[in-house]
Amino acid sequence: MQLIAENLCVERGSRTIIRNLSLVAASGEAIILSGANGAGKTTLLRTLAGFLRPASGSVRIEGGGDEKTVAELAHVVGHSNAVKANLTVWENVEFWAHYLGGTGKIGGGVDRALVHFGLRDLAEFPVAYLSAGQKRRVGLARLLAAERPVWLLDEPTVSLDAASTMLLAKAIEGHIESGGMAIVATHIPLGLARSRELSLDSRGRTG
């Protein structure tokens, strides 16, 4: 499977954020997006996910089968955790498993995700009582609770300590090794073995 972006130009208001950018991401690899704040990393991820429409250029999946869109094949994790404070840890992750993964082995996927991110002992706690780092791990647990081949992650290490960042890196490594792909905007090195860097300059072009 490949995610292919060709000659993307993305505008916000009167400003061009992404200019003539092309990339190919393949199964079994991670692309690390780097660049200064405002270089367009978040805009690029949102465009790849289909949340923003480019002024020109295209984004498509090849080899995904069933003519599915990127949004239908992707986990998209942004700056917010997308969790409900009044629900328990288990209920939050279970919701995402149902919403993103259909009606398969939901319970097993949820339990696996909670164990990986060190949340199993907190499963029955309302998210409102958790620390910022724990809430972030709950938000990331959807990555393992529902299988999707494409991961689009925007600063996923926000609020994570070093140990939790390592858990995230291991999850990404496992995803890549099993044939998935990941595009990750991050300021923190993740130490991924199978990754390459795509640097955006201040004009939204690759450097």
Once phi for every residue in the range 142-148 is put through the Karplus expression 6.51 cos²θ - 1.76 cosθ + 1.60 (θ = phi - 60°), the whole-Hz ³J(HN,Hα) values, with Gly and Pro written as x, are 4, 4, 9, 6, 9, 7, 9
How large is the Rg to Rh ratio of the range 146-192 when both quantities use alpha carbon positions and Rh follows Kirkwood? 0.94
At 20 °C and a viscosity of 1.002 mPa s, what translational diffusion coefficient does Stokes-Einstein give for the range 1-71, taking Rh as the Kirkwood radius over Cα pairs? Give it in µm²/s as a whole number. 169 µm²/s
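Between Rg and the Kirkwood Rh of the range 13-119, both from Cα atoms, what is the Rg to Rh ratio?
Value, to two decimals: 1.01.
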Write down, largest first, the equivalent ellipsoid semi-axes of the chain in whole Å, where each equals the square root of 5 times an eigenvalue of the alpha-carbon gyration tensor. 29, 18, 16
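Quote to one decimal, in nm, the extra length available between N86 and A71 on full extension: 0.36 nm per residue of separation minus the C-alpha distance between them.
Details: separation 15, 0.36 × 15 = 5.40 nm, distance 2.73 nm.
Result: 2.7 nm gained on full extension.
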Binned at 10 Å from zero, the C-alpha pair distances of the range 102-188 give percents of 17, 51, 30, 3
Show log10 I(q)/I(0) for the range 54-164 at q = 0.24 Å⁻¹, two decimals, from a solvent-free Debye sum over equal Cα scatterers. -1.36
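Could you give me D for the range 40-86, from Stokes-Einstein at 25 °C and 0.890 mPa s, where the hydrodynamic radius is the Kirkwood radius over C-alpha pairs? Units µm² s⁻¹, please.
The calculation lands on 198 µm²/s.
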Theoretical FRET efficiency, 1/(1+(r/R0)^6), r = Cβ-Cβ of R194 and V115, R0 25 Å, to 0.05: 0.55
So, over other residues within a Cβ distance under 9 Å of E29, counting Lys, Arg +1 and Asp, Glu -1, the net charge is +2
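Heavy-atom accessible area per residue, the chain, 1.4 Å probe: how many Å²?
Accessible area per residue, the chain: 49 Å².
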Please tell me the relative contact order of the chain in percent, rounded to the nearest whole number, where contacts are Cα pairs under 8 Å and at least six residues apart. 32 percent
At 1.4 Å probe size, with the rest of the protein present, what percent of the exposed accessible area of the chain is carbon and sulfur atoms? 49 percent
Modelled label-to-label distance, S22 and Q2, 7 Å Cα→beta-carbon offset: nm? 1.1 nm
Given 10 as the ceiling on other Cβ atoms within 10 Å, longest exposed-site-free region of the chain for GluC sites (Glu not before Pro) in DSSP loops: 125-207
Show me, for the range 46-54, the HN-Hα J-couplings you get by feeding each phi into the Karplus relation (A = 6.51, B = -1.76, C = 1.60, θ = phi - 60°), rounded to Hz, glycine and proline as x. 5, 6, 4, 6, x, 7, 10, 9, x
Which residue, L152, L52, L140, tops the fluctuation ranking in a GNM of the chain built on C-alpha contacts under 10 Å? L52
Which residue, R53, R12, R196, has the most motion in a Gaussian network model of the chain that connects Cα atoms within less than 10 Å? R12
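The values are calculated or read from the model by the stated rules, or taken from the named source; none is laboratory data. Fair warning: this is a prediction, and the values are worked out from it, not measured in the lab. A quick note on method: Cβ atoms are made from the backbone with ideal geometry, for glycine too, and the neighbour counts reach across all protein chains shown. For accessibility, only protein heavy atoms count, side chains too; no ligands or nucleic acids. Shrake-Rupley method; radii C 1.70, N 1.55, O 1.52, S 1.80 Å.
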